[in-house]
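As structure tokens, the structure follows; a few thoughts come after it.
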Amino acid sequence: MIAAQKVTTSCPYCRASVPVEIHSIIDVGQNPDLKGQFLSGRLNSATCPNCRRTFQMGGALLYHDGSKDFLGIFLPHEINLANKDRQRLIGDLNRRLVDSLLPEQRRAYLFQPKEFITLNGMVEAILAADGITPEMQRAQRERMQLLETILRGATSADALQAMAKEYDAKLDLNFFTMLAAMVEQYAAEGDTQSANMFAALYQQILPQTSFGDKARAQQEAVGQINQQTTREQLLNMIVAAEDDQLEAYVMAGRPLIDYGFYQELTGRIETAQAAGDTATAQRLTSLRERILALTAQLDQASRQMLEEASTFLRDLLQAPDPQTLLQENWDRVDDAFMQVLEMNLEAAMQRGNRPVANRLNAIMQTIMQQMQSAQPPEVQFINELLTTEYPSGTRKLLVERRAELTPDFLAALDEVAGMMEQQGQAEVAKRLRDVRGQAALVV
């Protein structure tokens, strides 16, 4: 791990002394969190304890992503060094990076960093290496500008409602995905205040948008399907569904949409035709075509996700250092990957293949540890409360950790409960609110 440099500087606004941690080298494999901080413009920033204003420190920056064979360096014009001194500075940063890597990670490209004259140019190159095109980058910048516009203009509930109406077409899945990602990122970095602010905005603006109406309709649809739902019941739901609900019904009920399901639907079409009800027959025929298209899309996407997850798991099993490979590709650890990992672990244990099972189990444990360590203390505490027996177990835990029941933590409980409700997880939301009530009595 490459340590940050701790310095004290003067606030550019009030001249007070401010401690700052300066990162001159980012190695994504060793510290993946720094990548997010850099791309969001929060790396090497500090908040003055006196005037509470935030500022950012400049300086040389070396960026390395071993999974992409990417090495870039930015030297700001303000440094104004002679060429000989520039090369010495680049060499020093490069040497520190190489010294921190394992021998097998030291490859030829490490000795030829690409120089960038602007930070924005480096950011664009990093995103391009991640497969994010200039068009996608431009769209993301526009979403960020829209978010800034809303934050500046939403000075009251009425103002927020007016802005939601004005920008309704742009407040889509991509916008709310970005907003949710910001909440998770700030929470993971321990910035509870920012996480709560964006979570509150998410909850307040979502119900006032067309996308929110559609999401709510889909959640209601999904909530009607459970393990007891039959094919006939699912078909009745789909036939009566609004357009906004159809895709959600198909996604949630995909295991029930089989040959028997289509037989039942075809039977209804034939019954309508026999009764001379041409309109109903045509509507059901069109519905059948839409269901076929949706299931084909879902199945193709599912196959692709599982294939990519299987490929990544094979890479991990063959890697000399799977932990480093995991850190460099943490974004590939998703639900599909965990499903493939669990299936392979179970199969290896059933076959009695102990070496493979041990290696798979080690990967599983590494992931669990990484997930837990990445969570801020508040999130870990909330998860612990959710897995503890209610009400006596949670009450005992709250009493034991009374000192942690700060206003920020109680606010976090409210925010998470609200988000769970928005996502259709009513039981989790109710449990969190019950625990919130217990916590209020303990404080």
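Rule-based calculations on the coordinates, nothing more; no lab input. Being a predicted model, the structure only gives us computed values, none of them experimental. Heads up, the Cβs are rebuilt from the backbone with ideal geometry, glycines too, and the neighbour counts pull from every protein chain shown.
Per-structure values
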read-out: Virtual spin-label span in nm between residue 170 and residue 10, 7 Å along Cα→Cβ; value: 4.0
read-out: Proximal lysines to residue 114, defined as alpha-carbon separation beneath 21 angstrom and excluding residues fewer than eight positions away on the same chain; value: 35, 68, 84
read-out: Angle between the chain longest axis and helix 192-205 axis [Cα atoms, degrees, rounded to 10]; value: 30
read-out: Spin-label model distance (nm) - residue 78 vs residue 197, 7 Å beyond Cα toward Cβ; value: 2.3
read-out: Label assignment, P(r) over Cα pairs in 20 Å bins from 0, in percent derived from the structure, set [x] 23, 47, 16, 10, 4, 0; [y] 21, 41, 32, 6, 0; [z] 18, 48, 29, 5, 0; value: [z]
read-out: Sites residue 400 and residue 106, calculated FRET efficiency, Cβ-Cβ separation with R0 51 Å, nearest 0.05; value: 0.60
read-out: Acute angle (nearest 10 degrees) that the helix 243-252 long axis makes with the longest principal axis of the chain, alpha-carbon atoms; value: 80
read-out: Centroid-to-centroid separation of the stretch 370-443 and the stretch 145-210 [C-alpha atoms, Å]; value: 23
read-out: Candidates per GluC sites (Glu not before Pro) in the stretch 368-425, loop by DSSP, up to 11 other Cβ within 10 Å; value: 389
read-out: For residue 22, residues with placed amide H under 5 Å, excluding near neighbours; value: 5, 6, 7
read-out: Gained length - residue 149 relative to residue 339, 0.36 nm times residue gap less alpha-carbon distance; value: 64.4 nm
read-out: 0 to 90° range, to nearest 10: angle between helix 259-274 axis and the chain longest Cα axis; value: 50
read-out: The stretch 1-109: trypsin sites (Lys or Arg not before Pro) in DSSP loop, at most 15 other beta carbons within 10 Å; value: 15, 52, 53, 106, 107
read-out: The chain, helix-only ellipticity at 222 nm - DSSP H runs n ≥ 4, -39,500 (n - 2.57), divided by all residues, nearest 500; value: -21000 deg cm²/dmol
read-out: Additional length obtainable on full extension of the chain from residue 390 to residue 1, 0.36 nm per residue less Cα span; value: 135.9 nm
read-out: Modelled FRET efficiency - R0 25 Å, residue 213 with residue 290, Cβ distances, 0.05 increments; value: 0.75
read-out: Summed residue charge, Cβ within 14 Å of residue 250's Cβ, Lys/Arg positive, Asp/Glu negative; value: -3
read-out: Calculated from backbone phi, Karplus (6.51, -1.76, 1.60) coupling profile of the stretch 316-330 in Hz, x at Gly/Pro; value: 5, 5, 8, 6, x, 9, x, 5, 5, 4, 5, 4, 6, 10, 4
read-out: Cleavage-rule hits (GluC sites (Glu not before Pro)) in the stretch 162-270: DSSP loop, at most 13 neighbouring Cβ within 10 angstrom; value: 242
read-out: Total charge dipole magnitude, the chain, about the Cα centre, Cβ charges on Lys, Arg, Asp, Glu only, Debye to nearest 20; value: 1120
read-out: Sites residue 414 and residue 259, calculated FRET efficiency, Cβ-Cβ separation with R0 60 Å, nearest 0.05; value: 0.80
read-out: Whichever lysines have a C-alpha closer than 16 Å to that of residue 165, once near sequence neighbours (fewer than 8 apart) are set aside; value: 214
read-out: In nm, spacing of pseudo-spin labels at residue 317 and residue 442 (7 Å Cα→C-beta vector); value: 4.4
read-out: Relative contact order for the chain, counting Cα pairs under 8 Å that sit 6 or more residues apart, in percent; value: 11
